[in-house]
Amino acid sequence: MRVLGIEGTAWCASAAIHDAETDDVFIESDAYEPDSGGIHPREAAEHMAETLPEVIDAALSYAEDTAGAGGIDAVAFSRGPGLGPCLRTVGTAARAVAGTLDVPLVGVNHMVAHLEIGRHRSGFEDPICLNASGANAHVLGYHDGRYRVLGETMDTGVGNAIDKFTRHVGWTHPGGPKVERAAADGEYVDLPYVVKGMDFSFSGIMSAAKDLYDEGVPVEDVCFSLQEHVFAMLTEVAERALSLTGNDQLVLGGGVGQNDRLREMLATMCAQRGVAFHAPEPRFLRDNAGMIAVLGARMLAAGDTVPISESAIDPNYRPDQVPVTWRGTTASSAGSANATEIAADTAETVPDAADAATDAATTAADASEDVTTRAATDRGDALDLRGAEAAVEIIDEATVRKRRRPKAYRHPTLDETLRRNRTTLEARLLNEARRAGVPTPLVHDVDVANAELTLQYVGTADLAERITPDRVREVGAHLARLHRAGFVHGDPTTRNVRVGESAPTLIDFGLGYHTGHVEDHAMDLHILEQSIRGTATDPDPLVSAAESGYAAVGETNVLDRLRTIEGRGRYR
Ligand SMILES: C[C@@H](O)[C@H](NC(=O)OP(=O)(O)OC[C@H]1O[C@@H](n2cnc3c(N)ncnc32)[C@H](O)[C@@H]1O)C(=O)O
Ligand SMILES: [Fe+2]
């Protein structure tokens, strides 16, 4: 089976031929490079109109030269997300070619293609995917027939954020590779670091970066630190998603994935966690029609074609809107991790594994090849599988010690700052929560220098494993109590609630902060609901229970804002 793929969502006019039998992928691309500023939608669409016929011709000639392999069985095209004027040009071209060749049309979601190319190249069955591209930044996990958005940017895509900074300093588009080059000679400076549960934001960090540059901080230092902060945020959220779902495979997608430092951080994090990691070669990371053809072939095999009359493009097409027809019913491994985490001193094994993974990632990036690193660490029960951030050691039946271990992927200064700040804040918020009427573990001791808390042992299982509407309703009410007391939990996932004989108890306030903003309160509730939707088989009654519990205690405008957050398209 051979499929012609066509891509042109923003900057890259591209056509490809994928042969499903040999796995050969031929790609022909023509990049739009604005003379100044960012991508102008109209100019980009003109670029598509001019160059798509040429790249499609090149792909069709290749198909003809290799005709022994058979004809073309379908035309797959990027249906969205992307810039409307560009997508319309792509759609028109795809319909025309499909008509001429008299073959079916396959409408592909560009973000799902960024994910599936990693799954295809790695052979991983059920990975978590970090998509780090120009207009998007999100973490996806498969559950129950859909790719769920486990976490995403609250403002712009990661590449666009970086490109905006480079426009400010007068560099041409695309800025990402220029930042990477400049960062090689830079030193660490402080910037904001914004992760809220599984979501993250770039706007504060980008304006701070512009300010530093305007104040005369060397641009190399700003670039270095931008990478250290932004990529650590992405890596942290990817790790949270692995932790939440109990998944042990990660793939990377998107143009920013070409960045060596991002790949290095992800490989290091995965090695430290005992998780397999795959980054496709650069030609499959940046926008390309190869990934469209590869997913197109899978969709075609599943009979997932689209009649011309229904093949309209969608600039806001979200990955979680796509019914995943081409995968078996592989159950998500959510909830399979151990309920009780056992800490171990992995200091001896982890750096070796991390170094090996890092070397592999860097070497492969240089050689422009796919890179897969498999976990070198022994995933025995000695390894902490659950906590994304911290290890909890059981001291006795009534006491645990929670330690935020250094993360090898983070810059040491950033790592120390985050671990200390989160430890102090967590102790404070645990006490404030209890005063507000929300059950939390008692804080017996705080050791800031070692980022260690000694806490009361609570519950017998995570809410994730014993989820019921009644329990979720109580958690909803508890969130409202925190918000009335002037702060948020910051990460109220179903794994951060302990249950047992007594009432649900909230743990892990390390991402909490004081705020009176309705947006932050709604985001807290959104995180709870996302974690339910990401893992529960029948989430609707549970989500309703969370909201009714919240409504009984909290402000109704928070629920209104929650609807706005859910309806917000992230494509900008
Ligand atoms: C919807 C679609 O149009 C969009 N595609 C897209 O943005 O192109 P993509 O090729 O996936 O990513 C381009 C981004 O990737 C960045 N980039 C390229 N090389 C980079 C590098 N070495 N370091 C950092 N960023 C890099 C560029 O600066 C640019 O922002 C998307 O996937 O969001
Ligand atoms: Fe893309």
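Checking every residue in region 164-187 against the condition of being at pLDDT 95 or above, β-branched (Val, Ile, Thr) and in a helix (DSSP H, G or I) gives at least one match.
For region 1-53, the candidate set comprises residues that are among the acidic types (Asp, Glu) and within 15 Å of ligand 1 (Cβ to nearest atom); within that set, the residue that is surrounded by the most Cβ atoms within 10 Å (Cβ to Cβ) is Glu7.
Would you be able to say whether some residue in region 514-529 is small (Gly, Ala, Ser) and over 13 Å from Ala433 (Cβ atoms)?
Initial filter on region 514-529 (small (Gly, Ala, Ser)): 516, 522.
After this cut, where a residue has to be over 13 Å from Ala433 (Cβ atoms) as well, the list is 516, 522.
Yes: region 514-529 contains one or more residues that are small (Gly, Ala, Ser) and over 13 Å from Ala433 (Cβ atoms).
Taken over region 233-274, the residue count meeting the criterion of being within 16 Å of the chain's Cα centre (by Cα) and farther than 21 Å from Arg419 by Cβ is 18. Within region 286-308, the set of residues being touching a Gly at 6+ places or on another chain (Cβ under 8 Å), under 25 Å from Asn160 (Cα atoms) and not in a helix (DSSP H, G or I) comprises Arg286, Asp287. Are any of the residues in region 453-473 buried (at least 24 other Cβ atoms within 10 Å of the Cβ) and on the phi > 0 side of the Ramachandran plot? No, that holds for no residue. The set of residues from region 9-37 being part of a loop (DSSP other than H, G, I, E, B), farther than 18 Å from Glu64 by Cα and of a type in the set (Asp, Glu) comprises Glu33, Asp35. Mind checking which residues of region 474-513 are buried (at least 24 other Cβ atoms within 10 Å of the Cβ) and of a type in the set (S, T, N, Q)? Matches in region 474-513: Thr493, Thr494, Asn496. All conditions but one from (1) touching a residue at least 40 places away in the same chain (Cβ under 8 Å); (2) surrounded by fewer than 16 Cβ atoms within 10 Å (Cβ to Cβ) apply to Glu215; the one that does not is (1).
Selection of region 267-282 for residues being touching a strand residue (DSSP E or B) at 6+ places or on another chain (Cβ under 6 Å) and part of a helix (DSSP H, G or I) yields Ala267, Cys270.
Here is a list: Ala485, Ala477. Which entry is modelled with pLDDT of 95 or more, of a type in the set (Gly, Ala, Ser) and touching an Asp or Glu at 6+ places or on another chain (Cβ under 9 Å)?
Numbers: Ala477 fails: touching an Asp or Glu at 6+ places or on another chain (Cβ under 9 Å).
From the options Ala485, Ala477, the qualifying one is Ala485.
Condition check for Gly516 on (1) under 24 Å from Asp320 (Cα atoms); (2) in a loop (DSSP other than H, G, I, E, B): one failure, at (1).
The values are calculated or read from the model by the stated rules, or taken from the named source; none is laboratory data. Remember, predicted model here, so these are calculated numbers, not experimental data. Because the Cβ atoms are built from the backbone with ideal geometry, glycine has one as well, and the counts that use them run over all protein chains shown.
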